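Structure record follows, encoded as structure tokens.
The values are calculated or read from the model by the stated rules, or taken from the named source; none is laboratory data. Everything numeric in this text was worked out from a predicted model, so none of it was measured. Heads up, the Cβs are rebuilt from the backbone with ideal geometry, glycines too, and the neighbour counts pull from every protein chain shown.
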């Protein structure tokens with residue numbers, strides 16, 4: 001090995017972005033192991049690469065003694081001074097013990113290590129690339145299905161994507177060659193290599209589909225405030241417009257419903273309710289129960305619960321099949337919601353209004369106590 005060797009390694013460093021020291025260290029480790037495999041002795045040998053000349057040498061520690069009894073572990077003072085002029089009896093010096101035929105082994109080992117390091121570096125680059133793509137959409141081609149693990153493996157070009165049973169929608173099935181979109185959850189290094197974990201059941205998948213279809217979301221004019229989902233059945237997405245001239249719900253629906261329909265098709269006809277987010281919790285709760293019409297919302301802010309009044313004929317619509325509509329509304333708003341028909345509310349109006357008044361009074365008193373405590377704490381800090 002000579003300076004051309006170091007020049008070649010520096011070229012690899014430049015082209016593959018693998019630090020020279022990383023390559024040299026890896027080769028040294030591999031050569032040290034190769035030495036121990038090919039030359040059976042009890043010496044503690046270390047192989048080193050000269051970073052300037054490219055020379056490869058096997059070195060072993062030897063103790064400086066007056067009279068050498070075991071040349072494998074000892075060296076005379078006169079010979080030690082040739083290596084280190086300051087050598088003294090009892091000191092350890094590093095002695096070159098490179099066998100004459102070690103060059104062939106070194107060349108073969110170095111080549112294997114370099115190829116391995118290049119592959120690892122390429123995998124790291126790809127891993128980093130997909131790590132940056134976490135929480136984004138990707139288009140997949142179904143390749144195979146593991147019936148035992150109930151997992152789809154898909155072609156992502158450079159890597160294999162994995163759609164596990166937990167991240168699938170139960171009602172969806174794909175065959176070889178089917179193209180579909182999925183959310184990149186994360187990149188993982190496994191014993192089988194790099195894997196990209198995908199999802200089609202994650203609520204964020206719905207948000208990203210709308211971002212893909214609605215330019216106003218991608219530009220930030222419309223903001224997705226929340227998504228809740230029962231995969232394969234129904235989703236609710238809350239959106240807010242930063243521009244008062246733009247209707248967030250209308251923008252998400254699109255001309256003749258084209259935008260929301262594209263999302264529905266990708267979700268295999270999953271129902272989607274687009275809800276206008278509002279800082280006023282009464283309005284937001286009312287909106288969250290779409291498509292039902294809401295007549296009145298009575299808030300209990302202290303317990304973060306709400307009674308929602310709907311027309312008699314829309315009670316079942318507001319609750320939804322098996323309670324799905326109200327269940328999703330609860331998750332979207334973060335409020336406990338009880339739904340009453342108009343006639344039910346009228347029969348309990350006095351009781352409900354009295355409870356609402358009492359809850360409001362308790363909240364005001366608690367707020368006053370909190371404000372009072374904050375003022376006292378601030379006075380104490382000022383005195384300190």
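Pick out the one residue from 32, 63 that is in contact with a strand residue (DSSP E or B) (Cβ under 6 Å, 6 or more places away or on another chain), part of a helix (DSSP H, G or I) and either farther than 26 Å from residue 117 by Cβ or modelled with pLDDT of 85 or more (or both).
Testing whether each residue is in contact with a strand residue (DSSP E or B) (Cβ under 6 Å, 6 or more places away or on another chain), part of a helix (DSSP H, G or I) and either farther than 26 Å from residue 117 by Cβ or modelled with pLDDT of 85 or more (or both) leaves just 32.
Name every residue in segment 181-210 that is surrounded by fewer than 18 Cβ atoms within 10 Å (Cβ to Cβ) and closer than 17 Å to residue 261 by Cβ, in order of residue number.
181
Anything in segment 20-56 that is in contact with a helix residue (DSSP H, G or I) (Cβ under 6 Å, 6 or more places away or on another chain) and closer than 26 Å to residue 125 by Cα? List them, or say none.
20, 23, 26, 27, 30, listed by residue number.
Condition (residue is in contact (Cβ under 8 Å) with a residue 24 or more places away in the chain, in a helix (DSSP H, G or I) and over 24 Å from the mean Cα position of the chain (by Cα)) applied to segment 93-101: is it met by at least one residue? Let's see the steps before the verdict.
The first filter runs over segment 93-101 and keeps only residues in contact (Cβ under 8 Å) with a residue 24 or more places away in the chain, leaving 93-99.
Filter again for in a helix (DSSP H, G or I), leaving none.
Within segment 93-101, none of the residues are in contact (Cβ under 8 Å) with a residue 24 or more places away in the chain, in a helix (DSSP H, G or I) and over 24 Å from the mean Cα position of the chain (by Cα).
For segment 292-313, give me each residue that is out of contact with any helix residue (DSSP H, G or I) (no Cβ under 8 Å at 6 or more places or on another chain) and without any contact (Cβ under 8 Å) to a residue 24 or more places away in the chain.
Within segment 292-313, just 313 meets the criteria.
I'd like the full set of residues that are within 13 Å of residue 194 (Cβ to Cβ) and in a loop (DSSP other than H, G, I, E, B), limited to segment 134-167.
156, 157, 158, 159
Does segment 142-150 contain at least one residue that is without any contact (Cβ under 8 Å) to a residue 60 or more places away in the chain, surrounded by 13 or more Cβ atoms within 10 Å (Cβ to Cβ), in the same structural domain as residue 178 (by TED's automatic domain parsing) and closer than 30 Å to residue 217 by Cα?
Yes, because at least one residue in segment 142-150 is without any contact (Cβ under 8 Å) to a residue 60 or more places away in the chain, surrounded by 13 or more Cβ atoms within 10 Å (Cβ to Cβ), in the same structural domain as residue 178 (by TED's automatic domain parsing) and closer than 30 Å to residue 217 by Cα.
What are the residues in segment 185-217 that are in contact with a helix residue (DSSP H, G or I) (Cβ under 8 Å, 6 or more places away or on another chain), farther than 24 Å from residue 170 by Cα and modelled with pLDDT under 95, if any?
189, 193, 194
Residues to consider are 260, 264, 249; find the one that is assigned to a helix (DSSP H, G or I), more than 30 Å from residue 351 (Cα to Cα) and without any contact (Cβ under 8 Å) to a residue 12 or more places away in the chain.
Sole residue among the options that is assigned to a helix (DSSP H, G or I), more than 30 Å from residue 351 (Cα to Cα) and without any contact (Cβ under 8 Å) to a residue 12 or more places away in the chain: 264.
Does any residue of segment 14-24 turn out to be in a loop (DSSP other than H, G, I, E, B) and surrounded by 18 or more Cβ atoms within 10 Å (Cβ to Cβ)?
yes
I'd like to check which helices (runs of 4 or more DSSP H) are fully inside segment 274-336 and have at least 1 residues that are at pLDDT 95 or above and under 31 Å from the mean Cα position of the chain (by Cα).
281-288, 324-333
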